[in-house]
Every structure is written in C-alpha cells, then in structure tokens.
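Asks: Please find one structure pasted underneath; my questions will follow.
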Amino acid sequence: MKLNSGRYIPPTVAYDLLAHLSLFRSIAENPNIKGPAILIMQGPAGSGKTSTIRHLCNHICAPLYELHGKDMVSQWEGQGTKALERKIIEAANDPSPFQPVVLLDDAEMGGLRVDERFTGTVNNNASSGWLMQFANNPRELLVESDTGTRRTIRLKRPPALIMIVNNISALHSPLVREGRAALCTLDPRGADLQRVIAGMFPKLSVRQAGQLVNKFPDKSVAFFAELVNDLAKQAAMNCARDASFDFLSVDWKHAAASIVDASNGATYPQLVAAGEKLAAQSRNTNFVNQAKPVQEDANSLIGQEGFHNYGNGALHPANEELPQPHIPPVKI
C-alpha cells in the first residue's frame, strides 16, 4: 500500500491496522460487537513501526495521541498508569469524526516487561492489570485520584490503543492472549523490503532497490534507514567544512536544502558507497566488542599454576624476579 506521502506499507500490515481501527470504531457504536481492544505491533528495532502508524493515521485522518513507555515508569504503586489514563481520556473527547488512536511506543519500557529491572520502580503487576482491564471493557475506566478515591469514567467513544514492542515475548502472556489483543508484525523482507526502500529514496526505482537489497542481503530495513542518517550527517559536515566551521556565516536555509537533497535524493551509486562504509563501521564495532573479553581472559589466568598478579594489573610468571620497591628510612 503506497500512501500519498510516498511511504510504502506492506499490505498485510496496512490491512491489520485498518481492520483494527474499523472494528474498534464499530464497537464504539455497538458494544455488543466482540473484538480485541488492543493492537500490539512487534518488529525489530528500526523497522519503522512508529513512523508507519504515524503515516497511516495521517493518511486516513485519524487523530493520533502518542505516549512513550518511559512515561509509565513510577516508583509509587498505581502511579505508572496515570499518564496513560489522561491520554485515553483526552483522546476519547476528541471531536474528530473518525476513530482516535492512542499510541504507546516502546511499551516494554513502561513497566510491562516480565523481567522488570528498573531500579527504584514498582513491579509491573499494576500496569499489566490496568491494560487487561481496559482490554476487557474499554468503555469504562476505573481511575484512582490522589486521595485514594476510586471512580469509574464511562467513555462514549473509547480510543483504539496500539502498543509497539520490539519483542512480544517481553510482555505478560495474559495480556497478549487471544481476545484481548491483536498481533501485527512489521519486518519487511523480499519484495516488500524493496518497495519500502524505493519509498525511502525517491530517485531509486523498485529494480534498483532490489539491487541494493541484493548488495546487502543480510541487512534489514533498519540498516537502510541508517543510511538516510549517515548521508544527512555527511552533508551537514560538508556544509560546515565549506564555511570553515564559521557557523555564524552559514546560510542555514541553503544548508538544510542541501541536507534534504543529499539524503532523499541519493542515487544508487551513492547509496552503495554509503552502505559499504556503514557496513565496514559495523564490522569494526563488532570486532572491538569481541576484543573486550581479552582482559577478562587474562584475569582468569590469575591463580593458575605459573602465573601471579602482583597488584599492578599485569600477569607475571611465578619464577620471575621483580624489583623490590625502595623504602626510604624513617627518621625518629
């Protein structure tokens, strides 16, 4: 599915999103219709999950209210869901004719992980329980005031809740159980990846996008999205270098136009060169990360036969004679 902005969305993903919004809009008119109240979109980091929902909501004129998972982290019991409650109530009062959408980005960062490890925060039972209650009955919100008073807010038109996660296994299984949430996966491969890349770089044809994918067969859409950032940084550096790093004399409007043209208007040879450079940097980074355990391996030799550590961070053979430190005499 190609949008007016030139963005390409894989048909299965577009179908899942549009079907969920249409179904939830129908549920708002007739509560007897049964369907999942939450849509969970999963996919690897950098696959374009958040931008896909933004483009699609803008295409169908659906108001979008965004919330990040870190906004649901609190050290007080019951306070982690306050931000989500306010966002849902705000979206429910939206006068737009179509279905409003609340987007919870990076949901696993909001105290919803099974292996919760946020220091100084409460466990994830409260947040997961609140979401399951919303999934069971999205027309009624049980909120608690600061004084501890509980009250029920009835929503005439509840918003559709979309959660974005990198790994669905990080969430509690009752939350993703069938009936409470619908699942959608965004990880374009093959022909879908070619069309996504062709939409990212307007000067590329679908055939050239396929050649670019074949040039880097082990890379996902996140790698090609990083190419955009790399080309933009290189163009910005060229503008600064042309002005001899005198930033007060830079024509920033011209510089911004040059950066946009360099990233969006990149040709196939330019993308191949930038991709090879980025892939080489990635290999070097992996090599450095693999070289870090060398010191740990050396430390593992301490205590073994034939090696001693004399406190200076180095290993010495047991039979090596080290110079004794000079201790000056003390005058009494």
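Asks: Modelled label-to-label distance, Lys34 and Ala256, 7 Å Cα→beta-carbon offset: nm?
Replies: 5.3
Asks: Quick one: length gained pulling Ala191 to Lys82 fully straight, 0.36 nm per residue minus the C-alpha distance?
Replies: Full extension from Ala191 to Lys82 adds 35.0 nm.
Asks: Step through the table entries Lys49/Lys233; Lys87/Lys233; Lys219/Lys253; Lys49/Lys87; Lys70/Lys203; Lys49/Lys82, compare each Cα-Cα distance with 27 Å, and write down the pairs that go over it.
Replies: Lys87/Lys233; Lys219/Lys253; Lys70/Lys203
Asks: Then there's this: Measure off 7 Å from each Cα along the Cα-to-Cβ vector at Gln234 and Leu183, then give the distance between these two points in nanometres to one decimal.
Replies: Placing both labels 7 Å beyond Cα along the Cβ direction yields 4.0 nm.
Asks: For Leu64 and Ala273, FRET efficiency with R0 = 41 Å and r from the beta-carbon atoms, rounded to 0.05?
Replies: FRET efficiency, Ala273 to Leu64: 0.65.
Asks: Taking all protein chains as present, what is the carbon and sulfur share of the accessible area of segment 208-262, in % to the nearest whole number, probe 1.4 Å?
Replies: So the carbon and sulfur contribution to the accessible surface is 56 percent.
Asks: Net charge near Val250, counting Lys/Arg +1 and Asp/Glu -1 over other residues with Cβ under 12 Å of its Cβ?
Replies: -1
The values are calculated or read from the model by the stated rules, or taken from the named source; none is laboratory data. The structure presented is a predicted model; accordingly, all values stated were derived computationally and were not measured. Ideal geometry is used to build each Cβ from the backbone, glycine not excepted, and the neighbour counts take in all protein chains shown. Accessible surface areas use protein heavy atoms only, side chains included; no ligands, DNA or RNA. Shrake-Rupley method; radii C 1.70, N 1.55, O 1.52, S 1.80 Å.
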